[in-house]
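The structure appears below as structure tokens.
The values are calculated or read from the model by the stated rules, or taken from the named source; none is laboratory data. Fair warning: this is a prediction, and the values are worked out from it, not measured in the lab. Positions of Cβ are generated from backbone atoms using ideal geometry, with glycine treated the same way; all protein chains shown enter the neighbour counts. Only protein heavy atoms, including side chains, enter the accessible area calculation; ligands, DNA and RNA are left aside. Shrake-Rupley method; radii C 1.70, N 1.55, O 1.52, S 1.80 Å.
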Amino acid sequence: MKEVTAQERYGKLREQILAYLDDAYDVSDEELLEMIRKTAMQDAESRMCSISEREQMEMGLFHSFRGLDILQELLDDPEITEILVNGPKHIFYEKQGSLYPWEKTFASEERLNTMIQNIVGRANRSVNASEPIVDTRLPDGSRVNVVLAPVSVIGPCLSIRKFPKQPLSMERLVAMGALSEEIADFLKTMVQSGYNIFVSGGTGSGKTTFLNALSQFIPQDQRVITIEDSAELQMRSVKNLVRLETRQGNQNGAYEISIRDLIRTSLRMRPDRIIVGEVRGAEALDMLQAINTGHNGSMSTGHANSIPDMLSRLETMVLMGMDLPLAAIRGQIAHGLDLFVHLGRLRDHSRKVLDIREVCGLKEGEIVLNALFTFHETQEKDGIIKGDWEKKGTLQNMGKLKDQGLDL
């Protein structure tokens, strides 16, 4: 007689619970867990099964309905920062900056699809063959990207970027070697004085984390509005905070609410500061116009390999929204943004502030940048990169500092 595998038993138990759920209405987590325990107990009585094996089966079944199925174990591990699913049989995770394969797999592509639909459904989003790409988030704020067939030829692909339960403070980033105390004090004064800051960097360089850390310096009496595709920012120190999130349109594009719509709406909500989580396209124009209408201390982020590269990308993104002369676009950037902070991820997987430059207006049609701080690598020991930050220059535009009665 063929021996039944653990995976087959798992599948049968899940089918039994599903059959019951089809006749149940609005089952709570407690009721579902009790149902799972009874079903697992009946199964355990019919064969030799240890208590730990049964408990593991029970939690696996519960996570298949309410959690992230086999991925829940990875999500619960605080040291894991990213989870990557390439179809049902190939799963990888990032831990301490390195990628590792995971031995567990989904029983079928259908199971993986079911889990994906649960994730996007909880965030009031949808993903299907007609709209196969979606960005969303988990209840804990983790960022989720989904790509389905026909775009993905290897099956459903899922990327989960986890964020710490407690956002990293600037003090913690200094202790981790991401920046120096001098730079942290400088940025604190810049945020308090209302300088408009743009954070640039490559994928995984820590832009969202850094924006959260900067927010701890925003004065408590100010009203802040955050605008994101998927709400990820965790600005716990801001009391008067409004979080806005985009909405997908239907298959015809109707009812969509874009970043551009939210920026325009935010101007009617009496903001002191507007924080756009990330600009990727035409919304860069609206972001710059919002900053140029008196909302000092606003912030945003963007993908780029360097600060000059970010300037070029901003010009391109503005052109995606409106056909403006290049001189006018550069004028918007030069008068709207005060400071660029560039982050990078080094070969030892550490994340650091690499470059800080001040925007000093226009000269002969070109945006003038004043280098303030630059990171220099000094040595690599036991795979760890050591270096220091050189102070390249001093702040030229002191007006906002003086307006707030502050100095450096």
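Quick notes on this one:
- Test: residue in the stretch 395-403 that is free of Cβ contacts under 8 Å to residues at least 12 places away in the same chain and among the charged types (D, E, K, R): yes
- Taken as a whole, the structure leaves Gly383 outside the set of residues that are open to solvent by 30 Å² or more (accessible area, probe 1.4 Å) and closer than 30 Å to Asp221 by Cβ.
- Flag: Glu358 matches the condition of being part of a strand (DSSP E or B) and modelled with pLDDT of 95 or more.
- Residue in the stretch 398-408 that is farther than 21 Å from Phe217 by Cβ and not aromatic (Phe, Trp, Tyr) present: no
- Within the stretch 109-124, none of the residues are more than 26 Å from Ile384 (Cα to Cα) and part of a strand (DSSP E or B).
- Among the residues listed as Val144, Val199, the single one being under 24 Å from Gln117 (Cα atoms), open to solvent by less than 10 Å² (accessible area, probe 1.4 Å) and touching a helix residue (DSSP H, G or I) at 6+ places or on another chain (Cβ under 7 Å): Val144
- When residues of the stretch 326-352 are limited to those that are part of a helix (DSSP H, G or I) and small (Gly, Ala, Ser), the one most open to solvent (accessible area, probe 1.4 Å): Ala327
- Given (1) without any contact (Cβ under 8 Å) to a residue 40 or more places away in the chain; (2) over 30 Å from Glu34 (Cβ atoms), index of the condition Thr105 fails: (2)
- Residue check, Asp221 farther than 20 Å from Leu314 by Cβ, of a type in the set (Asp, Glu) and modelled with pLDDT under 95: yes
- One residue stands out in the stretch 395-408 among those that are open to solvent by 80 Å² or more (accessible area, probe 1.4 Å) and within 18 Å of Val359 (Cα to Cα): the one that is modelled with the highest pLDDT, namely Gln396.
- Against the list (1) open to solvent by 30 Å² or more (accessible area, probe 1.4 Å); (2) in contact (Cβ under 8 Å) with a residue 12 or more places away in the chain, the condition Ile356 fails is (1).
- Filtered residues of the stretch 274-304 (kept if open to solvent by less than 20 Å² (accessible area, probe 1.4 Å) and in contact (Cβ under 8 Å) with a residue 60 or more places away in the chain): Ile275, Gly277, Ile291, Gly297, Ser298, Met299, Ser300, Thr301, Gly302, Ala304
- Residue in the stretch 128-135 that is of a type outside the set (Val, Ile, Thr), modelled with pLDDT of 90 or more and either assigned to a helix (DSSP H, G or I) or open to solvent by less than 50 Å² (accessible area, probe 1.4 Å) (or both) present: yes
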